[in-house]
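Peer 1: Below are the structure tokens for one structure; questions will follow.
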Amino acid sequence: MKQTECTTILVGKNATIDGSTMIARSEDGGRTIIPERFEVVMPKDQPKHYESVISHQKIDDADLLSNPLRYTSAPDASGKNGIWAAAGINSDNIAMTATETITTNSRIQGIDPLLEEGGLGEEDFVTLTLPYIHSAYEGVERVGYLLEKYGTYEMNGMAFSDKDEIWYLETIGGHHWAARRIPDDAYVIAPNRLNIDEFHFDDDDFASSKDLKNLIEEYHLNPDLEGYNLRHIFGSSTIKDAHYNNPRAWYIHNYFDPDFGGEPSDQNQPFICHANRKISIEDIKWAESSHYQDTPFDAYGDQGSAEQKKTFRPIGINRNFETHILQIRNDVPEKIAGVQWLAFGPNTFNSMVPFYTNITTTPARFQTGPKFDLNKIFWLNKLTAQLGDINFRVYGELEADFEQKSLAQCHKIQHETDKEAKKYSGDELQDKLNEANQKMADTVYDNTVELLGNMVNEGHGLMTLKYDLLD
């Protein structure tokens, strides 16, 4: 199993509407539905011995430190292919999302090939990293250490954040890596390609495996006349990138900055970008739900030909199984600063829920099981999406109303809870945050049931199999 089709969005604290750091990713998969759940991993439940399910890589017990932190995660419901924790925030308000599957090229694979046996992958990184880090940069150091020691069998990108910084790391070959700190006033769109471009080995805002620069020089890997562009050196520039990856970035760049311009297939869209406004949670959710609206490439639109509608891969897609925005806030006390916005199923027909992460449990509706169950919001969202996809022109406005209503209600609960939380601490505070999370989960679930009912009512008269004496 491989979740290969994600889209990562990173926004620095001076580029967000409220001064928080935000790292987001849609966790997408293949043709088979992969149910996802939401849970809290307590220190006593963190594995004391670890072996990857896919690669059978065993981790030395000494690398599973004795003092893990509590953290949230969004693992696969079945667990049959490993944990795949995906994303979370730990009790020190450090966030991690992993991974974005990325590209490589034959030059680096001929020098440091991906492992054919053993090594770490997307299945492992959050579980082996998030409970042990106390800053965003410590996430880079921890993953760098694991990659150099154990190696990897796939190319991946991942992000870490605290209240001040965001770092983005990409694996390179079997044992190498590079990372860049995202400027506070910038945002990043990272689809399924190697994304880091401009790189400065002598700058503290950049980090890499120690021998990476020497590797580039020794094997003559740099095609550029000046400087270092890691996308040119280690990445790809293929027809698939032009149709599958680049258009997603191009569309959101033009959403965040209408003067961005360019063409969907452009291979050299910049990694670090700046919006023409402050970016909100709603902006990121819209971006993760997008399908090239108001262009000829929108599968639901009426501008383009049948061929154009299938030209580019959208961000919002049937294979969205879980999407998160990990927010570390700077305008509230630390005890309530971490928020894991979470949605299950295709993003075009769901709503985010802002779960506090200083908690001891998660709402039952979000504890998905592997079998179809409409009491779980994952499966309910899959149903509304598949019904809505039949006639987006009819159902799209119903979904838009549902999402605005749900987000408004969650914002209200969150504002009230933020004010109340100042009175509490310790276990009592966690109980209050558990209650708030439950209230938001119930609200969005009930709204989703209402949406489904409205869709059924609206679609009743549109069925093909009908007959009326007045027809």
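Peer 1: Magnitude of the Cβ-charge dipole of region 217-321, K/R +1 and D/E -1, about the Cα centre, nearest 20 debye? Mind dumping the intermediate values first?
Peer 2: Details: 10 positive and 16 negative charges, 98 e Å.
It works out to roughly 480 debye.
Peer 1: For TYR137, what accessible area in Å² do you get when you roll a 1.4 Å probe over the heavy atoms of the protein chains, rounding to the nearest 10?
Peer 2: Surface accessible to solvent at TYR137 totals approximately 80 Å².
Peer 1: So, one more: Cβ neighbours within 10 Å, averaged per peptide: list 185-192, 37-44 in order, most packed at the top.
Peer 2: Descending packing order for the listed peptides: 185-192, 37-44.
Peer 1: So, in Å, what gap is there between the alpha-carbon centers of region 1-58 and region 287-339?
Peer 2: Going from one Cα centre to the other spans 17 Å.
Peer 1: Here are some values of Kirkwood radius over Cα pairs in Å: (1) 32.4; (2) 22.1; (3) 22.7. Which one was computed from this structure?
Peer 2: Working out Kirkwood radius over Cα pairs in Å from the coordinates points to (3).
Peer 1: Which number gives the lysine pairs in region 1-122 that have C-alpha atoms under 26 Å apart and are eight or more places apart or on different chains? Spell out each step's value before the answer.
Peer 2: Working: LYS2/LYS48; LYS2/LYS58; LYS2/LYS80; LYS44/LYS58; LYS44/LYS80; LYS48/LYS58; LYS48/LYS80; LYS58/LYS80.
Here the count comes out as 8.
Peer 1: Mind running the shape call on region 297-424? Use the C-alpha gyration tensor, a ≥ b ≥ c as the square roots of the eigenvalues: rounded below 1.5 for a/c, prolate if a/b tops b/c, oblate otherwise.
Peer 2: prolate
Peer 1: Please work out how much accessible surface HIS232 shows to a 1.4 Å probe, ignoring ligands, DNA and RNA, in Å² rounded to 10.
Peer 2: 60 Å²
Peer 1: I'd like to check one number: the per residue accessible area of region 271-326, probe 1.4 Å, reported in Å² as a whole number.
Peer 2: About 40 Å² of surface per residue is accessible.
Peer 1: Please list the non-local residues whose amide H lies under 5 Å from the amide H of ILE166, H modeled 1.01 Å from N, same-chain partners needing a gap of 5 or more.
Peer 2: Under 5 Å from the amide H of ILE166: ILE182.
Peer 1: How many percent of the accessible area of region 161-253 is carbon or sulfur, using a 1.4 Å probe?
Peer 2: Of all accessible area on region 161-253, carbon and sulfur atoms account for 48 percent.
Peer 1: Right, here's the next one. Can you work out the Karplus-derived ³J(HN,Hα) for every residue in region 275-291? Use 6.51 cos²θ - 1.76 cosθ + 1.60 with θ = phi - 60°, whole Hz, and x for glycine or proline.
Peer 2: 7, 8, 7, 6, 9, 10, 4, 4, 4, 5, 4, 4, 4, 6, 9, 6, 9
Peer 1: Over region 277-416, what percent of the accessible surface lies on carbon and sulfur atoms, probe 1.4 Å?
Peer 2: Values: 2890 of 5460 Å².
Answer for region 277-416: carbon and sulfur cover 53 percent of the accessible area.
Peer 1: Could you check the simple spin-label distance between SER265 and ASP205, using points 7 Å along Cα→Cβ, in nm with one decimal?
Peer 2: 3.3 nm
Peer 1: If you rank ARG365, ARG31, ARG329, ARG107 by how much accessible surface each has, with a 1.4 Å probe, what is the order from largest down? Show your work: numbers first, answer last.
Peer 2: Numbers: ARG365 70, ARG31 240, ARG329 20, ARG107 105 Å².
Sorted by accessible area, descending: ARG31, ARG107, ARG365, ARG329.
Peer 1: Please tell me which of these pairs span more than 26 angstrom C-alpha to C-alpha: LYS278/LYS310; LYS335/LYS412; LYS278/LYS419; LYS285/LYS466? Please list the in-between numbers first.
Peer 2: Numbers: LYS278/LYS310 32 Å; LYS335/LYS412 19 Å; LYS278/LYS419 24 Å; LYS285/LYS466 38 Å.
Beyond 26 Å: LYS278/LYS310; LYS285/LYS466.
Peer 1: Got the relative contact order for region 343-471 handy, in percent, Cα pairs under 8 Å and 6 or more residues apart?
Peer 2: So the answer I get is 36 percent.
Peer 1: Another question about this same structure. Give me, ordered by chain and number, the residues 5 or more places off GLU322 or on other chains with an amide H under 5 Å from its own placed amide H.
Peer 2: When sequence neighbours closer than 5 places are left aside, the close amide H contacts are GLU27, GLY345.
Peer 1: Using a simple charge model, +1 on the beta-carbon of Lys and Arg, -1 on the beta-carbon of Asp and Glu, nothing else, what dipole does the chain show about its Cα centre, in debye to the nearest 20? Don't skip to the end; give the middle numbers.
Peer 2: On the way: 44 positive and 75 negative charges, 210 e Å.
So the magnitude is around 1020 debye.
Peer 1: So for the chain, averaging the separation of alpha carbon pairs under 8 Å that are six or more residues apart and normalising by length, what relative contact order in percent results?
Peer 2: 16 percent
Peer 1: Counting helices only, and only those DSSP H runs with n ≥ 4, report the 222 nm mean residue ellipticity of the chain as the sum of -39,500 (n - 2.57) divided by its residues, in deg cm²/dmol to the nearest 500. Intermediate values should be presented prior to the final figure.
Peer 2: Values: 10 runs with 134 residues, N = 471.
Mean residue ellipticity at 222 nm (helix-derived): -9000 deg cm²/dmol.
Peer 1: Moving on. Relative contact order, percent, of region 44-137 when contacts are C-alpha pairs under 8 Å separated by at least 6 residues? Please report the intermediate quantities before stating the final value.
Peer 2: On the way: 125 pairs, mean separation 30.3, N = 94.
Relative CO of region 44-137 lands at 32 percent.
Peer 1: Rounded to the nearest 10 Å², what accessible area does LYS48 have for a 1.4 Å probe in the complete protein model?
Peer 2: Using a 1.4 Å probe on the heavy atoms, I get roughly 130 Å².
Peer 1: Determine which lysines satisfy two conditions relative to LYS210: a Cα distance under 21 Å, and not lying fewer than 8 residues away in the same chain.
Peer 2: Those lysines meeting the cut-off are LYS149.
The values are calculated or read from the model by the stated rules, or taken from the named source; none is laboratory data. Just so you know, these numbers come straight off a predicted model, no measurement behind them. Note that we place each Cβ from the backbone using ideal geometry, even for glycine, and neighbour counts take in every protein chain shown. Heavy atoms of the whole protein, side chains included, go into the accessibility calculation; ligands, DNA and RNA do not. Shrake-Rupley method; radii C 1.70, N 1.55, O 1.52, S 1.80 Å.
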